[in-house]
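One structure is given here, and the rest of the page talks about it.
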Amino acid sequence: MGGPMICAEGLGMRFDLGIEKGFSLKQGFVDLLDPARRGRGRRSEFWALRDVAFRVDSGEVVGLVGGNGAGKSTLLKLVAGVYKPSGGQLRVCGSVCPMIELGAGFDPELTARENIFLNGAVMGYSRDFLLERFDEIVAFSGLRDFLEVPVKNFSSGMTARLAFSVATVVEPEILIVDEILAVGDLAFQAKSEEKMVSMIRGGTTVLYVSHSLESIRKLCGRALWLDHGRLRLSGPSAEVCEAYRAAQSGEAEL
């Protein structure tokens with residue numbers, strides 16, 4: 001195992017939930033009719049992450065578990081560079097391939113063929129590189145018969161398959177994955193998992209989010225449990241998953 005590829009110290013991410021607005025006749029009228037609304041819409045803050053510290057070494061596969069709103073996706077977006085932290089430090093070393101919200105960068109009016117080049121360009125791939133790897137992308141997606149069809153006519157599974165195929169055409173140093181192994185039909189899910197395992201064996205460092213504890217146990221050597229924006233537990237994936245499962249079961253019984 002090499003040195004750290006991702007290192008966070010006291011990491012925090014704050015969002016403003018409201019925007020301070022000046023007085024308006026409309027707002028005054030609404031507040032008059034509904035006194036409970038008075039004061040709403042003022043600036044308030046929400047810490048999606050607070051004082052989180054961890055490191056991911058080169059070649060390590062680390063899973064993230066936690067309930068909805070725990071801060072998992074926010075953490076991935078910080079590592080991917082989508083957000084800048086509100087506090088603490090975050091160091092990321094190496095090229096990053098973020099597989100978050102697959103297909104979000106597609107233009108629905110363009111065809112699958114056109115979106116391969118558009119999405120590839122967004123990810124930093126050159127046109128020559130995409131031309132060279134075009135057949136490989138299409139073959140992996142299984143969508144050769146739909147290349148000239150606008151993506152707006154695709155199912156969500158087809159769109160995710162195309163996006164996954166573009167995203168994984170190269171093997172980055174750091175792979176950020178958010179529930180992508182559930183895309184497409186069962187055959188494509190198996191192919192996606194096989195591709196990810198291949199990247200892991202090739203030494204790619206992976207930060208992986210999934211609600212499937214079985215998937216975390218199977219793919220990850222270590223796991224982080226986020227709870228309401230704070231790191232509750234870090235350790236071997238089997239131990240963290242079991243602690244998280246037990247906590248969830250206990251809450252369900254209440």
Tell me the residue from LEU110, LEU75 that is at pLDDT 95 or above and under 19 Å from LEU130 (Cα atoms), please.
LEU110
Taking interchain pairs and intrachain pairs at least six residues apart, which have beta carbon atoms under 7 angstrom, with the first residue in the stretch 32-60 and surrounded by 15 or more Cβ atoms within 10 Å (Cβ to Cβ) and basic (Lys, Arg) and the second modelled with pLDDT of 95 or more and assigned to a strand (DSSP E or B)?
ARG50/GLY12; ARG50/ARG230; ARG55/ILE6; ARG55/CYS7
Please work out which residue is nearest to LEU110 (Cα to Cα), limiting yourself to the stretch 146-196 and to residues that are out of contact with any helix residue (DSSP H, G or I) (no Cβ under 8 Å at 6 or more places or on another chain) and polar (S, T, N, Q).
ASN153
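Just name the residue that is nearest to CYS7 (Cα to Cα) out of those in the stretch 44-70 that are of a type outside the set (Asp, Glu) and part of a loop (DSSP other than H, G, I, E, B).
Of the residues in the stretch 44-70, the ones of a type outside the set (Asp, Glu) are 44, 46-50, 52-56, 58-59, 61-70.
Those still in the list that are part of a loop (DSSP other than H, G, I, E, B) too: 44, 58-59, 66-70.
Numbers: SER44: 29, SER58: 11, GLY59: 14, GLY66: 20, GLY67: 23, ASN68: 24, GLY69: 22, ALA70: 19 Å.
Step by step, filter the stretch 44-70, then rank; the result is SER58.
Of GLY120, GLY67, GLY87, which residue is over 21 Å from ALA243 (Cα atoms) and surrounded by fewer than 18 Cβ atoms within 10 Å (Cβ to Cβ)? So that I can check it myself, show each step before the final result.
Numbers: GLY120 fails: surrounded by fewer than 18 Cβ atoms within 10 Å (Cβ to Cβ); GLY67 fails: over 21 Å from ALA243 (Cα atoms).
Going through GLY120, GLY67, GLY87 in turn, the sole match is GLY87.
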Going by the conditions given, is PHE129 surrounded by fewer than 16 Cβ atoms within 10 Å (Cβ to Cβ) and assigned to a helix (DSSP H, G or I)?
yes
Checking ARG201 against (1) under 19 Å from VAL96 (Cα atoms); (2) under 18 Å from the mean Cα position of the chain (by Cα), the condition it does not meet:
(2)
Kindly establish whether GLY105 is assigned to a loop (DSSP other than H, G, I, E, B), closer than 20 Å to THR205 by Cβ and touching a residue at least 12 places away in the same chain (Cβ under 8 Å).
no
Of the residues in the stretch 134-156, those that are part of a helix (DSSP H, G or I) and either buried (at least 18 other Cβ atoms within 10 Å of the Cβ) or touching a residue at least 60 places away in the same chain (Cβ under 8 Å) (or both) come to ILE137, VAL138, PHE140, SER141, PHE146, VAL151
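The values are calculated or read from the model by the stated rules, or taken from the named source; none is laboratory data. Only a predicted model underlies this, so the values are computations on that prediction, with no experimental measurement involved. We place every Cβ from the backbone using ideal geometry, glycine too, and count neighbours over all the protein chains shown.
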